[in-house]
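These notes are about the structure you will find just below.
Please treat every number below as a calculation from the coordinates, not as lab data. Note that the coordinates shown come from a computational prediction; the quantities given were computed from them, not determined experimentally. Here the Cβ positions follow ideal geometry from the backbone for every residue, glycine too, while neighbour counts run over all protein chains shown.
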Amino acid sequence: MASSSSDQTFDVASLVEDYSLYRISQYVLVVLFIGFFLAPLETGLMTAFKTNRAVAETIPLMPPLAEGFTLDNMTFALDALSGAFFNSLFMAIPATIGSVLFGSMAAYGLTMVDWRGQLGVLVLFLVGIFLPYQAVLVPLARFWNNIFPLASMVEPIFVALPILQSYHANLVPLIITHIAYGIPICTILFRSYYQGLPTSYVEAAKIDGASITKIYRRIILPISKPMFGVVFIYQFTQIYNEFLFAFTLITGSDTPEAVVTLILPAVGASTSGVDFGIRMSAAFLAALPTLIIYVAFAEQFAKGLKTDA
């Protein structure tokens with residue numbers, strides 16, 4: 001009986017210790033930080049479904065009431081961004097795939113293949129990472145517009161395609177620019193991953209007489225899937241949300257080939273002011289592709305980060 005009483009006292013003491021004031025204060029701080037960082041997101045989401053009158057008369061954090069709720073904001077924003085969505089995806093998807101694939105190849109050549117001049121090429125890749133966008137805007141525009149007008153060269157091909165239009169040819173220089181500018185950072189990310197891989201597979205393949213390309217296709221690519229998820233998410237997010245190159249190479253936001261980042265600042269703006277409901281709806285719609293990419297590659301992303309760590 002005394003033993004049972006002492007056990008109960010020990011359990012109560014352990015419970016009190018586990019839920020001490022220090023631990024409770026930690027939980028409170030975590031909840032406060034979560035609320036602090038999620039409050040802007042919740043405010044934007046509530047604003048996206050409010051009428052102009054509800055936006056002006058209600059607290060931003062409050063959900064819209066019956067008379068203040070509307071879906072017209074989403075409809076208007078979707079109509080304004082529909083063409084830009086296709087343009088952005090047409091530009092971002094091939095640019096991401098190209099930069100990620102070429103970066104993986106370059107990292108393989110700089111890590112697992114011995115050849116003269118590797119260090120110099122690696123230094124060039126490092127310089128390419130730190131080269132600011134602003135330093136290349138003017139040469140970039142002059143190159144694609146005056147020296148090598150690629151858009152006008154490939155325009156007849158786009159005219160013959162069933163889904164694309166002739167103005168989509170203006171996005172080809174932008175795609176190539178993003179591929180070229182994304183290869184250095186993709187190469188460094190893949191190189192850090194390849195340096196942590198065991199070399200026994202590669203050495204065994206070399207002994208069996210496999211070529212460099214066969215080793216890459218049969219061994220390196222299959223075990224690089226987690227890192228492909230990490231780099232693909234990173235690169236797609238960067239390219240999809242990029243503004244300076246698009247603003248430089250595309251003539252304006254009113255052109256049919258304009259991407260989302262060019263059109264988004266003008267959605268909801270008029271001579272009478274800014275319709276914040278429409279603006280917030282457009283912002284949430286514009287973020288959907290990156291959210292879908294994160295969800296689609298979440299498992300590979302987690303594996304890649306764990307392996308890289």
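For the pair Ile97 and Leu126 in one chain, pulling the backbone fully straight at 0.36 nm per residue adds 8.4 nm over the alpha carbon distance.
Mean Kyte-Doolittle hydropathy of 0.0 or higher plus an axial Cα length of 20 Å or more: which whole DSSP H helices in the chain meet both? Answer set is 21-48, 72-111, 172-195, 225-240, 276-296.
Rounded to a whole number, what is D in µm²/s for the stretch 57-105 from Stokes-Einstein with the Kirkwood radius over alpha-carbon pairs (10 °C, 1.306 mPa s)?
Roughly 111 µm²/s, to the nearest whole number.
Mind checking which of Val100, Val55, Val230 has the largest fluctuation in a GNM of the chain, springs on alpha carbons under 10 Å? Taking springs between Cα atoms under 10 Å, the residue moving most is Val55. Computed over the chain, relative contact order equals 28 percent, with contacts defined as Cα pairs under 8 Å that lie 6+ residues apart.
The Kirkwood radius of the chain, taken over pairs of alpha-carbon atoms, gives through the Stokes-Einstein law at 37 °C and 0.692 mPa s a diffusion coefficient of 139 µm² s⁻¹. The lysine pair count for the chain, using Cα distances under 26 Å and pairs eight or more places apart or on different chains, is 6.
Between Ala180, Ala107, Ala56, the GNM of the chain built on Cα springs shorter than 10 angstrom shows Ala56 fluctuating the most. Over the chain, dividing the summed -39,500 (n - 2.57) contributions of all DSSP H runs of at least 4 residues by the number of residues returns a 222 nm mean residue ellipticity of -22500 deg cm²/dmol. Extension gain, Ile292 to Ser270: 0.36 nm times the residue separation minus the Cα-Cα distance gives 4.8 nm. How many angstrom separate the Cα center of the stretch 165-185 from the Cα center of the stretch 117-162? Using only Cα atoms to place each centre, the spacing works out to 8 Å. Neighbour counts of other Cβ atoms within 10 Å put Ser99, Ser82 in the fewest-to-most order Ser82, Ser99. Structural descriptor for the stretch 136-219: relative contact order 17 percent, calculated from alpha carbon pairs under 8 angstrom and at least 6 residues apart. As a calculated quantity, the FRET efficiency between Phe33 and Ile59 at R0 = 22 Å, using C-beta atoms, amounts to about 0.55. Residues Lys214, Lys303, arranged from fewest to most other Cβ atoms within 10 angstrom of their Cβ, appear as Lys214, Lys303. Once you reduce the stretch 57-97 and the stretch 249-309 to the center of their Cα atoms, the two points are 9 Å from each other.
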